[in-house]
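Notes for the one structure printed next.
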Amino acid sequence: MISLVDKIVRHHQHSLPFVVYSKPNSDTVLGLFQQNDTLFEVHDYTEKGFVFASFDGSQNYIIPENASEHCSEDWIANSETIPQNEVDFGNDTSAQANFQNLVSKGIQAIHTGEFQKVVVSRKESVALEHFDLGTTFKKLVAQYRSAFVYCLYHPKIGTWLGASPEQLLKATTNSFETMALAGTQKDTGEATVIWPQKEQEEQQFVTDYIVSKLKEVGSEIHVSEAYSVKAGTLWHIKTDISGEFGPELDLKKAIQLLHPTPAVCGVPKAISKAFIVANENYNRSFYTGFLGELNRNFASDLFVNLRCMQMENNVAHLYMGCGITKDSNPEKEWKESVNKSMTMKRIL
């Protein structure tokens, strides 16, 4: 029987769409291998398959169950870990200056009352001598066990890989779960993680926004205490949020309310999104969009497309973002973006 990695290589060579993915803390890798190269769109979120949607909401695609071969393979947890020493890809001083200017612009807009928080990001391209899609995906699965790890290819979209720590929405026919995730610091090996005021505030903005939006349409919203959670070598603050679907709230409506979340966009959403589009000077495309299972086995399991990269002719395009509040420091935010870039650079 052909292995999943061989299947990835073969499908890629034949320019046929596929997605392979593993859910957080799972030993099983699942795959959908589409049998034609049609680009299917999502219309009302009753479709079944694997959805892949852009940040700006203009592209909502699906690898449909009914046009694909389904595969699953158990990959026993691999003890091989990638060295955590810093990988030096050189320091791009002009990229640093541009990003710090963008952060400063965001802070200034917060002080003039345009919004409370904005998430700004950057794109970095790394040239590679040899790139093997199957091997890279295997490394990602082995290294980021607690993340949603995926590799998706479509000849009309391109090749994307990622290891996201953030769930957008988990839903069954009548209930849903989501999360607020914000704040970032490197793992120093200390037993207790201490969070500065700036990170706590950022996390509270995200939680309050999501809860207020869901309360408008959902019933019985439950919110946990905030707690620290580790993703790879980074720590974040997380709050669990859950509730019931009602007459005013279905899957499509919940997705529209949540996406893009304040953790990848800002608060309030529309104004911070307009600032991002006007000032980032590049197209995020599917970075900070969402992806995952749509109505598979009567449930949807969707994640925010973070810690990801797009492959293009032996060049890896990496994407990193930082949440900006009134207390942000441009140099610190640059360093945080460099830390986030290491998720993918270690794999490469």
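The values are calculated or read from the model by the stated rules, or taken from the named source; none is laboratory data. Quantities reported herein were computed from a predicted structural model and do not represent experimental measurements. Note that each Cβ is placed from the backbone with ideal geometry, even for glycine, and that neighbours are counted across all protein chains shown. The accessibility values were calculated without ligands, DNA or RNA, using every heavy atom of the protein model including side chains. Shrake-Rupley method; radii C 1.70, N 1.55, O 1.52, S 1.80 Å.
Quick look at the values:
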read-out: Straight-distance crosslink candidates among lysines, where the alpha carbon sits under 21 Å from LYS213 and sequence neighbours closer than 8 are dropped; value: LYS117, LYS170, LYS238, LYS252, LYS253, LYS269, LYS273
read-out: Solution diffusion estimate, µm²/s, Stokes-Einstein, region 202-241, Kirkwood Rh from C-alpha pairs, 25 °C, viscosity 0.890 mPa s; value: 220 µm²/s
read-out: Proximal aspartates and glutamates to LYS48, defined as alpha-carbon separation beneath 18 angstrom and excluding residues fewer than eight positions away on the same chain; value: ASP37, GLU65, GLU69, ASP250, GLU293, ASP301
read-out: Solvent-accessible surface ranking, highest first, for ARG145, ARG10 at 1.4 angstrom; value: ARG10, ARG145
read-out: Semi-axis lengths, Å, the chain, gyration tensor of Cα atoms, sqrt of 5 times eigenvalues; value: 29, 25, 19
read-out: Within-15-Å neighbourhood charge of VAL211 [Cβ basis; K, R +1; D, E -1]; value: -3
read-out: Highest-fluctuation residue, PHE290, PHE131, PHE18 considered, GNM on the chain with Cα pairs under 10 Å; value: PHE131
read-out: Accessible-area order (highest first, 1.4 angstrom probe) of the listed residues VAL338, VAL29; value: VAL338, VAL29
read-out: Calculated P(r) of region 144-253 - Cα pairs past 17 Å, %; value: 62 percent
read-out: For LEU168, distant residues with modelled amide H under 5 Å away; value: LEU302, PHE303, VAL304
read-out: Anchor LYS198: aspartates and glutamates whose Cα lies under 19 Å away (excluding residues fewer than 8 positions away in-chain); value: GLU114, ASP187, ASP208, GLU225, ASP327, GLU331, GLU333, GLU336
